[in-house]
Amino acid sequence: MAAPMGVLLPPETSPDAAVLLATRSVRGFVDGLVSVILPGYLVLLGFGPSRVGLIITSTLVGSAVATLAVGLWGGRVRRTSLLRLASVLMVLTGVGFAAFDRFWPLMVVAALGTLNPSAGDVSIFLPAEQALLPSTVSDRHRTALFGRYSLVGTTVAALGSLAAGVPEAVAQRLGSGLAGPLRAAFLVYAAAGLVVAGGYRRLSSDLESAGGAARVALGPSRRVVYRLAALFSLDALGGGLVVQSLLALWLFERFGLSVAVTGAILFWSGLLSGLSALAAVSLARRIGLVRTMVFTHLPANLLLMATPFMPNLVLAVACLLARSALSQMDVPTRTSYVMAIVTPAERSAAAAVTNVPRSLAAALPPVLAGAMLAHSSFGWPLVLGGALKALYDLILLRQFRDLRPPEERSAGEARR
């Protein structure tokens, strides 16, 4: 599974990085698949937009709590062991969604499981993988590796979104209802959990100790990490209004699109997002990590705010695709920045502290977005979400433009 990922690795990278990229790709595919079919499946079960929003919120709250637990107690357990346990939970999540069709059981499975309604990765897997990746590469190529990690996850998730049309094609071919094929997609998600678990078993036994000191709680980097966590939470608060499942629901409600057509749109959106990750690495070398985050993210959010005002589907999709070509360029740069400005021993704690508030902040907005869409198909969640994310960009630039990672400081000193 990891062999094809080896060609994507930057120089001076250990084989463990290929394994982590491979597991990210498997998770990305099924995340993309279920994020598109989830709202359609729930509507087919008889749930309105408000209840769909509640279930999506439940998935995000569950991920936040699990990530918090990893941050508080994960230091007592090897990160590779945590990843294997999470993959078992992934299997149970897929089986649970396939087995139940009533609201409250689905709420419980959503809260306790690993289902990801977002185009990005907001799951329990993320902080552990983020903390392990810097130990597989030199500082010089760290951002490039995170760019590949983001590229793999986003582009393969786009293929998963495209595959969301398969259940509909199967239903038409068999002349049966759509509920059965959609339910089978969750079994595919469960099977992916088994594949991911096998991948994690291939990680080197010495990966935990690579990079030096033992893991500790936040020390000298505490204040700056807390400030970043607060800002990332503002970004996630806006992002929670426009997670991929809610975008799919808005396209269903506003334009009456099918699951297959919506999946195709989100495929191109995800593909553009993934390719932009590579451009982000090159741009960051020229203007720095923080400026890359802001100067690409801000126009993307303006496009998001403009989307509901478009008079027809073609222009609305054009705005969404243009936004996708820019909106995810901050993902590898943001992660690389956090890992760069803390000590190696603080990386696990920093990953947890910056991801937990993001997950919590993204958890509640889907309820509000579902209520908005229940009353109007205009797209107010897109407007409000874009405005909050744009505010984050401006504050981030003001507060962190002068705090540079080691490679940028070294480059500046060399020029002088």
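Residue check: Ser161 meets all listed conditions (1) at positive phi; (2) modelled with pLDDT of 85 or more but one, namely (1). The condition of being within 30 Å of Pro308 (Cβ to Cβ) and either buried (at least 16 other Cβ atoms within 10 Å of the Cβ) or in contact with a helix residue (DSSP H, G or I) (Cβ under 8 Å, 6 or more places away or on another chain) (or both) holds for only one of Ser359, Ser376, Ser336, Ser348, that being Ser359.
Counting only residues that are polar (S, T, N, Q) and either touching a Pro at 6+ places or on another chain (Cβ under 6 Å) or crowded, with 24+ Cβ neighbours inside 10 Å (or both), the stretch 137-156 holds 3 of them.
Within the stretch 77-125, being touching an Asp or Glu at 6+ places or on another chain (Cβ under 8 Å), farther than 23 Å from Leu247 by Cα and not hydrophobic (A, V, I, L, M, F, W, C) holds for Arg78, Arg79, Thr80. Take the conditions (1) more than 17 Å from Gly240 (Cβ to Cβ); (2) at pLDDT below 85; Ala363 misses just one of them, which is (1). Taking the stretch 173-194 as the range and being surrounded by fewer than 17 Cβ atoms within 10 Å (Cβ to Cβ), out of contact with any Leu (no Cβ under 9 Å at 6 or more places or on another chain) and part of a helix (DSSP H, G or I) as the test, the residues that pass are Arg173, Leu174, Ala184, Leu187, Ala191, Leu194.
Is it the case that Ser282 is surrounded by fewer than 23 Cβ atoms within 10 Å (Cβ to Cβ), part of a helix (DSSP H, G or I) and among the polar types (S, T, N, Q)? Judged against the criteria, Ser282 is a match.
The values are calculated or read from the model by the stated rules, or taken from the named source; none is laboratory data. A quick note: this is a predicted structure, and the numbers were derived from the prediction, not measured. Note: ideal-geometry Cβ built from the backbone for every residue, glycine included; neighbour counts use all protein chains shown.
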